[in-house]
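Undergrad: Below is the structure I would like to discuss, written out as structure tokens.
The values are calculated or read from the model by the stated rules, or taken from the named source; none is laboratory data. Quick caveat: nothing in here was measured; it's all calculated off a predicted structure. In this analysis, Cβ positions are derived from the backbone assuming ideal geometry, glycine residues included, and neighbour counts consider all displayed protein chains. For the accessible areas, the whole protein counts, side chains as well, though only heavy atoms, and no ligand, DNA or RNA atoms are used. Shrake-Rupley method; radii C 1.70, N 1.55, O 1.52, S 1.80 Å.
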Amino acid sequence: MTESNTTSCHWHLERDQAGIAWLRIDVADGNVNVLSLAVISELQQKVDELVRNPPRGLIIHSGKPNGFIAGADIKSFLGMKSEQEAAEFMRGVHTVFDRLESLSCPTVAAIHGFCLGGGLELALACHYRVADEDQGTRIGLPEVLLGIHPGFGGTMRSIRLIGVPAAMDLMLSGRPLSARAAAKLGLIDHAVPQRHLLRAARMLVLDPPQRRQLKPWLKSLNLPLLRPLLARYLRRQVASRANREHYPAPYAMIDLWERNASDPKSMLADEAASVAHLVMGDSAQNLIRVFFLQERLKAAGRDSRFKAQRVHVIGAGVMGGDIAAWCALQGLMVTLQDQSPERIAPAVKRAAQLFSKKLKQPRLVQAALDRLIPDVAGQGVPHADVIIEAIFENAEAKQALYRTLEPRMKPGAILATNTSSIPLQTLTPALQHPQRLVGLHFFNPVAKMQLVEIVHSPQTDEQVVRDASAFARQIGKLPLAVTSTPGFLVNRILMPYLLEAVELESEGVRPELIDRAAVAFGMPMGPIELADTVGLDICLSVAEILGQSLGNARVPARLRALVSEGRLGRKNGQGFYSYRNGEPVKARISAGMTLPADVTDRMMLRLLNEAMACLRGHVVEDEDLLDAGIIFGTGFAPFRGGPLHHVRERGISALRGRLEELARNHGARFTPDEEWQRLQAL
Ligand code: NAI
């Protein structure tokens, strides 16, 4: 091999004896390859060099073990000052990728691990793509999740390669694909075992096959006659998931295609302008903020070397069963204890369903099931690195269990409780070493909810908090350290909002209208349906506990009445709504149904006011972490960037004034927390 002589930091170009150029990306100052301005401009030099001195073929691959390219450098989007600057950046990348694409020799992207966003767009500018079929390979265009769409030519090139329906599905969902799924779609040419990856890329260069042609019927979808019909269909699909006002990106993508489908050149130019416009908008800026909040949560526990191999879960109910299954899915050996085999059996059955859904291949499903071991006698206790207690929400029962458990635990093992309302301080008297108890508060449904609150009391050892956070990361969750105060963070903030919705319903506002107002604000599900989903008995018990300790969560009589009538929500088919096949039966909203003007403010301001109280009480370390917790723990409108960010955008004094007005009209529960004044004065 001979190395090229231009100085390089990120790209390394070598030629082998067969005359093939190997261009390796290994971004100098990070452990993941991302396409920053510097990386793109160095690529430009390399491409220029290849144009001047064409090789027999070109293979682009990555020097990082974790993947090919994770995408564009998102930080650069935050720093852009104007649409012009953003559009210029995109056009610069287009020029480089166009030159790469027009090289006369065969060009191949050899992909392993992440190949996302700008990374896939680069691969699409190569003539062929081959990828490692390993589970860790992730190929996709997730830009829409950041409030933008592909901007490095990916809209045009993906549609040209695999046709509008598949390309739009890829871009509108943002969902990454495995190598096999990508090969099936035609997005890549071959999925091969890792040991054959570079050899397969070399074969493509030495003996290039005919390039993939799009089937005529797929091509015809770009015709002016069919385009508007398909565009309308796509918009309808998107509208069922995202509101144009909150999430303009998917609509912009459809518009872009509709305007330019017959002219790839104009599509590229328009793509740059469209992304530049989106990236400067509030929705994208806030979604990018959420991306960085997520990165911050992911960084928690990084300073711990804790790595669990064995987990023991006690209580195989709704939560314990699903936590055990999730840990086994993530590759850990798990023992699951309950009072009898009959209590464990339903959890194993649910686990089997989860494994089939997530792992698909029977061999992998079986291996995950083998990792989940029913253990009525608790034989796993002395071997476990982490013990998660998820038994009934009863302090005496938990204490009695800890007394028998602690002497059998191995030194250094974490003892975690999944309690949703009992302060750690109430439980620690049962322990010889109270500093080892930490809360790992998972949310229901465990497989879906990303956040885990890492609950600590003043007694909890800081290292245990770090280790518990590292454990949450190990199983793919987002840890958030919270103090052991009533309701911790998420339930405490959510509850006043749910109770206000119940209050509104008892005043005669239709539940359908209440839910619609919250969804229009950007919540993933309306509060009435959410209360039914959580279970009205659980809501009542959390509300009572919070009411006693915080004094501001007055429990509406209507909630008590429903629970005493046995209407517990979705789980028994009757709550605020009636349920048919697990779905709420909702009345059609008609023009005659009126919604009081302050419904949204009443619900959301109670949530925001409680967020302020949590900030004042230092339940979490700072504002950003509070926003992160509420977004990932409740789904709070991500395009608004989090509750406190939303407060700052709408104006602290305006919202405080609105609360005062609501307090005058509806009662003291709206009295602004002192924190409003402190923030206002800063
Ligand atoms: P559950 O009632 O579904 O399950 C509890 C299980 O623990 C039962 O199977 C029971 O047989 C078993 N159990 C009780 N005492 C035991 C003992 N001494 N040894 C072994 N097994 C024992 O309860 P769920 O809903 O799973 O709640 C468990 C914990 O998780 C509670 O602390 C709850 O506050 C918390 N939690 C519940 C959430 C929910 O949405 N249900 C959400 C987050 C936390």
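Undergrad: Is it the case, given these coordinates, that Leu145 is assigned to a helix (DSSP H, G or I) and surrounded by fewer than 23 Cβ atoms within 10 Å (Cβ to Cβ)?
TA: It is true that Leu145 is assigned to a helix (DSSP H, G or I) and surrounded by fewer than 23 Cβ atoms within 10 Å (Cβ to Cβ).
Undergrad: How many residues does segment 379-401 contain that are at pLDDT 95 or above and either surrounded by fewer than 18 Cβ atoms within 10 Å (Cβ to Cβ) or more than 11 Å from the ligand (Cβ to nearest atom) (or both)?
TA: Counting residues in segment 379-401 that are at pLDDT 95 or above and either surrounded by fewer than 18 Cβ atoms within 10 Å (Cβ to Cβ) or more than 11 Å from the ligand (Cβ to nearest atom) (or both) gives 13.
Undergrad: Exactly one of (1) assigned by TED's automatic domain parsing to the domain that holds Leu498; (2) assigned to a helix (DSSP H, G or I) is unmet by Phe639. Its number?
TA: The one condition Phe639 does not meet is (1).
Undergrad: Which one of these does Leu513 not meet: (1) under 24 Å from the mean Cα position of the chain (by Cα); (2) of a type outside the set (Val, Ile, Thr); (3) open to solvent by less than 10 Å² (accessible area, probe 1.4 Å)?
TA: Single failed check for Leu513: (1).
Condition check ((1) under 30 Å from Tyr247 (Cα atoms); (2) within 16 Å of the ligand (Cβ to nearest atom); (3) touching a helix residue (DSSP H, G or I) at 6+ places or on another chain (Cβ under 9 Å); (4) assigned by TED's automatic domain parsing to the domain that holds Arg669) across all residues:
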site	(1), (2), (3), (4)
Pro511	yes, no, yes, yes
Phe521	yes, no, yes, yes
Met525	yes, yes, yes, yes
Asp532	yes, yes, yes, yes
Val542	no, yes, yes, yes
Ser549	no, yes, no, yes
Tyr577	yes, no, yes, yes
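Undergrad: Select from segment 642-657 the residues that are crowded, with 19+ Cβ neighbours inside 10 Å and either among the basic types (Lys, Arg) or not in a helix (DSSP H, G or I) (or both) and list them in ascending order.
TA: Correct list: Gly642, Arg656.
Undergrad: If you don't mind, another one. Which numbered condition in (1) open to solvent by 10 Å² or more (accessible area, probe 1.4 Å); (2) more than 12 Å from the ligand (Cβ to nearest atom) is the only one that Asn444 fails?
TA: Evaluating Asn444 over (1) open to solvent by 10 Å² or more (accessible area, probe 1.4 Å); (2) more than 12 Å from the ligand (Cβ to nearest atom) leaves (2) as the failure.
Undergrad: How many residues are open to solvent by 30 Å² or more (accessible area, probe 1.4 Å) and in contact (Cβ under 8 Å) with a residue 40 or more places away in the chain when one looks only at segment 210-220?
TA: Of the residues in segment 210-220, 4 are open to solvent by 30 Å² or more (accessible area, probe 1.4 Å) and in contact (Cβ under 8 Å) with a residue 40 or more places away in the chain.
Undergrad: In the list Lys398, Lys357, which residue meets the criterion of being more than 27 Å from the chain's Cα centre (by Cα), on the phi < 0 side of the Ramachandran plot and not hydrophobic (A, V, I, L, M, F, W, C)?
TA: The match here is Lys398.
Undergrad: Determine whether segment 99-110 contains at least one residue that is acidic (Asp, Glu), assigned to a helix (DSSP H, G or I) and over 26 Å from Gln237 (Cβ atoms).
TA: Yes, that holds for at least one residue.
Undergrad: Ok, one more. Name the residue, out of Leu451, Leu415, Leu427, Leu437, that is buried (at least 18 other Cβ atoms within 10 Å of the Cβ) and over 29 Å from the mean Cα position of the chain (by Cα).
TA: Leu427
Undergrad: Next up: Output the helices (runs of 4 or more DSSP H) that fall wholly within segment 234-344 and possess 2 or more residues being over 30 Å from Ile387 (Cα atoms), in contact with a Pro (Cβ under 7 Å, 6 or more places away or on another chain) and more than 16 Å from the ligand (Cβ to nearest atom), or say none.
TA: Of the helices (runs of 4 or more DSSP H) lying wholly inside segment 234-344, those with at least 2 residues that are over 30 Å from Ile387 (Cα atoms), in contact with a Pro (Cβ under 7 Å, 6 or more places away or on another chain) and more than 16 Å from the ligand (Cβ to nearest atom) span 282-299.
Undergrad: Looking at Ala284, Ala269, Ala276, Ala261, which is the one that is over 30 Å from Ser220 (Cα atoms), surrounded by 15 or more Cβ atoms within 10 Å (Cβ to Cβ) and of a type in the set (Gly, Ala, Ser)?
TA: That would be Ala284, the only listed residue that is over 30 Å from Ser220 (Cα atoms), surrounded by 15 or more Cβ atoms within 10 Å (Cβ to Cβ) and of a type in the set (Gly, Ala, Ser).
Undergrad: Please find, among Leu562, Leu478, the residue that is more than 16 Å from the ligand (Cβ to nearest atom) and not assigned by TED's automatic domain parsing to the domain that holds Tyr247.
TA: The conditions single out Leu562.
Undergrad: For segment 295-335, enumerate the residues that are more than 21 Å from the chain's Cα centre (by Cα) and among the aromatic types (Phe, Trp, Tyr).
TA: Result: Phe306, single match.
Results for (1) within 16 Å of Lys477 (Cβ to Cβ); (2) assigned to a loop (DSSP other than H, G, I, E, B), shown as yes or no for each residue.
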residue: Leu364; (1), (2): no, no
residue: Asp370; (1), (2): no, no
residue: Leu405; (1), (2): no, no
residue: Gly412; (1), (2): no, yes
residue: Ile422; (1), (2): no, yes
residue: Pro429; (1), (2): no, no
residue: Leu440; (1), (2): yes, no
residue: Pro445; (1), (2): yes, yes
residue: Val455; (1), (2): yes, no
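Undergrad: Among the numbered criteria (1) of a type outside the set (A, V, I, L, M); (2) surrounded by 24 or more Cβ atoms within 10 Å (Cβ to Cβ); (3) over 25 Å from the mean Cα position of the chain (by Cα); (4) within 16 Å of the ligand (Cβ to nearest atom), which single criterion is violated by Lys571?
TA: Tallying (1) of a type outside the set (A, V, I, L, M); (2) surrounded by 24 or more Cβ atoms within 10 Å (Cβ to Cβ); (3) over 25 Å from the mean Cα position of the chain (by Cα); (4) within 16 Å of the ligand (Cβ to nearest atom), Lys571 fails exactly one: (2).
Undergrad: While we're here: Kindly establish whether Ala351 is crowded, with 20+ Cβ neighbours inside 10 Å, at pLDDT 95 or above and more than 13 Å from the ligand (Cβ to nearest atom).
TA: When the stated conditions are applied, Ala351 passes them.
Undergrad: Can you confirm whether segment 370-378 contains a residue that is buried (at least 22 other Cβ atoms within 10 Å of the Cβ), within 16 Å of the ligand (Cβ to nearest atom) and without any contact (Cβ under 8 Å) to a residue 60 or more places away in the chain?
TA: Scanning segment 370-378, I find at least one residue that is buried (at least 22 other Cβ atoms within 10 Å of the Cβ), within 16 Å of the ligand (Cβ to nearest atom) and without any contact (Cβ under 8 Å) to a residue 60 or more places away in the chain, so the answer is yes.
Undergrad: Given Arg289, Arg305, which one is outside the structural domain of His127 (by TED's automatic domain parsing), of a type in the set (Lys, Arg) and open to solvent by less than 80 Å² (accessible area, probe 1.4 Å)?
TA: When all the criteria are applied, what remains is Arg289.
Undergrad: Among Thr404, Thr428, Thr419, which is within 8 Å of the ligand (Cβ to nearest atom), not aliphatic (A, V, I, L, M) and not assigned by TED's automatic domain parsing to the domain that holds Val542?
TA: Thr419
Undergrad: Could you identify the single residue in Gly412, Gly439 that is modelled with pLDDT of 95 or more and within 20 Å of His312 (Cβ to Cβ)?
TA: Gly439
Undergrad: Continuing with this model, one more query. Got a number for residues in segment 447-466 being within 16 Å of the ligand (Cβ to nearest atom) and either out of contact with any strand residue (DSSP E or B) (no Cβ under 8 Å at 6 or more places or on another chain) or without any contact (Cβ under 8 Å) to a residue 24 or more places away in the chain (or both)?
TA: Counting residues in segment 447-466 that are within 16 Å of the ligand (Cβ to nearest atom) and either out of contact with any strand residue (DSSP E or B) (no Cβ under 8 Å at 6 or more places or on another chain) or without any contact (Cβ under 8 Å) to a residue 24 or more places away in the chain (or both) gives 2.
Undergrad: Pairs please, first residue from segment 225-241 and assigned by TED's automatic domain parsing to the domain that holds Met168, second anywhere and open to solvent by less than 80 Å² (accessible area, probe 1.4 Å) and not in a helix (DSSP H, G or I), Cβ atoms under 6 Å, 6+ apart in sequence or on different chains.
TA: Once the first residue is assigned by TED's automatic domain parsing to the domain that holds Met168 and sits in segment 225-241, its partners that are open to solvent by less than 80 Å² (accessible area, probe 1.4 Å) and not in a helix (DSSP H, G or I) give Arg227/Ala261; Leu230/Leu221.
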